[in-house]
Structure formats: C-alpha cells, structure tokens
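The values are calculated or read from the model by the stated rules, or taken from the named source; none is laboratory data. Everything numeric in this text was worked out from a predicted model, so none of it was measured. Virtual Cβ from ideal backbone geometry, glycine too; neighbours counted across all protein chains shown.
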Amino acid sequence: MVVYRCDGCGRELQAGRLRYHVKIDVRAAYDKMEIGLAELVRDHRQEMLRLIERLEDKSSKEIEETIYKHVELDLCPACQRAYLRAPLRFHPEEGEAPGIDIDAFLRSLGYGKPGAGGNVP
C-alpha cells in the first residue's frame, strides 16, 4: 500500500482523498545565441580547458543543480492553499496547517544550507 505524506505539514494523506501534486522545474535561463562563421571556425580548445578547470573542484551534484533542479511535492488541501497564496514563501506553519518549520524540513531533505534562513537552491 502506498502511503503519501504532505510535504508541507507532514500529515498522512489517505488514499483516495484529495491531495495536490506540485512539480517544480528550475532551469538556468540563457539568451538565444546567434552563431556566425567566425564562431564555427574559431579554435575553442582554450575556452574549453578554462571551463573544465573551473569545474574541477565542484561535485557533479553541484554542477547539475546550477543548470537544472526538479522538485516534486505532495500537499494536503490546507498546504496547497498556503502554497498558492505565496509559492516563493511557502510556510504552512503560518496558515491553516499545523505548526512546522518548513525551512528545517527542506534542509533535512538536502535543500538549502543549515542556518541559511531557508535559502533553497
């Protein structure tokens, strides 16, 4: 049997009851590039070597999260309403859901940095 828990307040979400699934894709934004003949024939080796050098001290997870991060949440109706009111400042403890420190919860899942005040990558 699959058991769902609300990622906002931690309550168990009973099978068959209303719950909400939130998918968040955070992607690096880039301006459209126009590539001309000069860029096609230019030697890019030095540029590539500098890029590799910059990335050598970074973990693969850190590099990946710089480009793309996918997060999925299951929410109860109360947390869904709190999320819709302020998706960037989603704190169910301030709304109808029972008190919980959402920043601590997200940090426990590996998002943000301890003591960073809820900065989620």
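Of the listed requirements (1) assigned to a helix (DSSP H, G or I); (2) under 28 Å from R5 (Cβ atoms); (3) touching a residue at least 12 places away in the same chain (Cβ under 8 Å); (4) not acidic (D, E), L88 misses just one: (3).
Every residue, every condition in (1) outside any loop (DSSP other than H, G, I, E, B); (2) modelled with pLDDT of 85 or more; (3) not polar (S, T, N, Q), yes or no:
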{"residue": "D43", "(1), (2), (3)": "no, yes, yes"}
{"residue": "L49", "(1), (2), (3)": "yes, yes, yes"}
{"residue": "E53", "(1), (2), (3)": "yes, yes, yes"}
{"residue": "Q80", "(1), (2), (3)": "yes, yes, no"}
{"residue": "G99", "(1), (2), (3)": "no, no, yes"}
{"residue": "L106", "(1), (2), (3)": "yes, no, yes"}
{"residue": "Y111", "(1), (2), (3)": "no, no, yes"}
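Which ones in region 7-36 are part of a strand (DSSP E or B) and either of a type in the set (V, I, T) or farther than 23 Å from L73 by Cβ (or both)? Once the filter is applied, which keeps residues that are part of a strand (DSSP E or B) and either of a type in the set (V, I, T) or farther than 23 Å from L73 by Cβ (or both), region 7-36 yields V22, I24, V26. Taken over region 52-77, the residue count meeting the criterion of being of a type in the set (V, I, T) and surrounded by 13 or more Cβ atoms within 10 Å (Cβ to Cβ) is 1.
Test E64 against the criterion of being of a type in the set (D, E), part of a helix (DSSP H, G or I) and modelled with pLDDT of 85 or more, and give yes or no. No.
In region 19-49, the qualifying residues are those that are in contact (Cβ under 8 Å) with a residue 40 or more places away in the chain and surrounded by fewer than 10 Cβ atoms within 10 Å (Cβ to Cβ), and the one that is farthest from the chain's Cα centre (by Cα) is A28.
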